[in-house]
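Read the structure below first, then the notes.
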Amino acid sequence: MTQISWRLAEPADVSAINALTARSIRALHRDSYSDAIIDEAVLHAYGVDWQLVRDGTYFVAEIDGALAGAGGWSYRKTIAGAHGPEDPEADPLDPAADPARIRAFYVDPEFGRRGVGALLLRLSEDAAREAGFGRAELTSTLQAVPFYAASGYRPVRRFDLPLPSGSELQLELMEKDLDAPRQPER
Ligand SMILES: CC(C)(COP(=O)(O)OP(=O)(O)OC[C@H]1O[C@@H](n2cnc3c(N)ncnc32)[C@H](O)[C@@H]1OP(=O)(O)O)[C@@H](O)C(=O)NCCC(=O)NCCS
């Protein structure tokens, strides 16, 4: 069994995570999106949201000391996207009424299908539950829908994220009750 270690992401991790994000998207989205959409998504839609790092809600996973993946959650209203270190903080969600956001999951293609994503998702859900959230919501790329479905997320609706060129990135809104039975440990 692969030994995966994890810790909270730190500002010093951001450039390595951004590089991993681009690798992950380019390798894993080929079947779902055109090359042009992938190029644009890498430029405009993906990358680390500094807010998550500052909030202590973003995790990294390592295998044999190498960065294998990153992912996290948020108690803030931001739905998706990269946000810089100087961007203002988004307003917080209300755990009694709103779902927590599951955010920015990327696994290095070299370490795919070894349980890295599932571990990061479990950590994020546990932290959101501990913060009082009863539900979690996320916007999934088409490639990642089976991954989230395997952890109990239900598709809610498909929508298009407009990109600067005028083309669109198809995404799926998904949700899960956090008091549903926990997924088994690997
Ligand atoms: C989606 C992603 C994070 C999954 O990470 P991962 O570490 O490879 O996933 P895991 O190994 O933890 O998979 C757990 C389970 O999810 C399901 N799953 C994961 N990837 C799948 C795929 N491509 N097709 C079908 N099922 C899949 C399987 O049930 C898997 O269990 P199994 O391997 O025992 O069959 C990764 O593929 C990725 O980084 N994708 C590109 C970036 C992206 O789109 N991120 C989502 C942004 S919203």
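Against the definition (open to solvent by 40 Å² or more (accessible area, probe 1.4 Å) and within 14 Å of the ligand (Cβ to nearest atom)), how does I79 come out, yes or no?
yes
Among the candidates R26, R54, the residue that is among the basic types (K, R) and at pLDDT 95 or above is uniquely R54. Restricting the range 1-60 to residues that are among the acidic types (D, E) and touching a residue at least 24 places away in the same chain (Cβ under 8 Å) leaves a set whose member that is most open to solvent (accessible area, probe 1.4 Å) is D31. The numbered conditions (1) at negative phi; (2) within 12 Å of the ligand (Cβ to nearest atom); (3) not charged (D, E, K, R) are all true for G152 except (1). Restricting attention to the range 108-119, does a residue exist that is open to solvent by 20 Å² or more (accessible area, probe 1.4 Å), closer than 18 Å to Q51 by Cα and within 16 Å of the ligand (Cβ to nearest atom)? No, every residue in the range 108-119 fails to be open to solvent by 20 Å² or more (accessible area, probe 1.4 Å), closer than 18 Å to Q51 by Cα and within 16 Å of the ligand (Cβ to nearest atom). The criterion of at least 2 residues that are among the basic types (K, R) is met by the following helices (runs of 4 or more DSSP H) wholly inside the range 1-58: 14-28. Selection of the range 61-76 for residues being open to solvent by 30 Å² or more (accessible area, probe 1.4 Å) and touching a Ser or Thr at 6+ places or on another chain (Cβ under 8 Å) yields E62, Y75. Scanning the range 91-107 for residues that are closer than 17 Å to Y58 by Cβ and within 16 Å of the ligand (Cβ to nearest atom) yields A100, R101, I102, R103, A104, F105, Y106, V107. Could we say that P85 is away from the ligand (no atom under 12 Å from the Cβ), surrounded by fewer than 17 Cβ atoms within 10 Å (Cβ to Cβ) and under 25 Å from N18 (Cβ atoms) here? Taking the combined requirement at face value, the residue satisfies it.
The criterion of at least 1 residues that are among the aromatic types (F, W, Y) is met, among strands (runs of 3 or more DSSP E) falling completely within the range 66-172, by 66-74, 100-107, 154-162.
The values are calculated or read from the model by the stated rules, or taken from the named source; none is laboratory data. What you are looking at is a predicted structure, and each value in this text was computed from that prediction instead of being measured. Methodologically, a virtual Cβ is constructed for each residue, glycine included, from the backbone with ideal geometry; neighbour enumeration extends over all protein chains shown. Calculation scope for accessible area: heavy atoms of the full protein, side chains included, ligands and nucleic acids excluded. Shrake-Rupley method; radii C 1.70, N 1.55, O 1.52, S 1.80 Å.
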